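Only one structure is covered here, and it is reproduced in the block below.
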Amino acid sequence: MPVKMRLARHGRKRFAYYHIVVADSRSPRDGRYIESIGTYNPNSNPATINLDFDKAYDWLTKGAQPTDTVKAILSYKGVLYKKHLMGGVKKGAFDVVEAEKRLDNWMTEKTQQSRQKSTD
């Protein structure tokens with residue numbers, strides 16, 4: 001069963017918000033899904049993203065394929081970076097503690113950048 005991570009549309013006309021879901025690729029866009037892992041609201045400024053980090057990472061490691069928009073959201077939140085770091089741990093480049101340290105540093109830099117953008 002090919003599994004995709006994609007957006008399910010909700011809301012009224014011209015004011016859509018989305019649920020980030022894990023679904024069978026053959027099911028319709030707003031149809032049946034396996035699990036909901038977050039929400040995305042592009043109407044707010046900046047866009048609001050609520051994501052269950054651990055569930056998203058778990059589904060990525062299981063082989064779920066994200067769509068382009070969901071891939072951008074996962075990249076923004078750092079899920080893809082964690083997957084990249086854990087690949088390095090698996091290959092023996094560094095240990096889990098070093099990977100967590102690098103992820104924490106990346107997260108702090110990301111929050112500082114977003115605070116600077118909001119003040120400008």
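The values are calculated or read from the model by the stated rules, or taken from the named source; none is laboratory data. None of the values given here were measured: they were computed from a predicted structure. We place every Cβ from the backbone using ideal geometry, glycine too, and count neighbours over all the protein chains shown.
To keep it simple, each residue is scored yes or no on (1) loosely packed, with under 13 Cβ neighbours inside 10 Å; (2) at pLDDT 95 or above; (3) touching a Gly at 6+ places or on another chain (Cβ under 6 Å); (4) closer than 18 Å to Val3 by Cβ.
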{"residue": "Asp24", "(1), (2), (3), (4)": "no, no, no, yes"}
{"residue": "Asn41", "(1), (2), (3), (4)": "no, yes, no, no"}
{"residue": "Ala47", "(1), (2), (3), (4)": "yes, no, no, no"}
{"residue": "Pro66", "(1), (2), (3), (4)": "no, yes, no, yes"}
{"residue": "Gly87", "(1), (2), (3), (4)": "yes, no, no, no"}
{"residue": "Gln113", "(1), (2), (3), (4)": "yes, no, no, no"}
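On the given criteria, is Tyr40 closer than 28 Å to Phe15 by Cβ and of a type outside the set (Gly, Ala, Ser)? Yes: the conditions hold for Tyr40.
A single entry from Ala93, Ala99, Ala56 fulfils the requirement of being of a type in the set (A, V, I, L, M) and out of contact with any helix residue (DSSP H, G or I) (no Cβ under 8 Å at 6 or more places or on another chain): Ala93.
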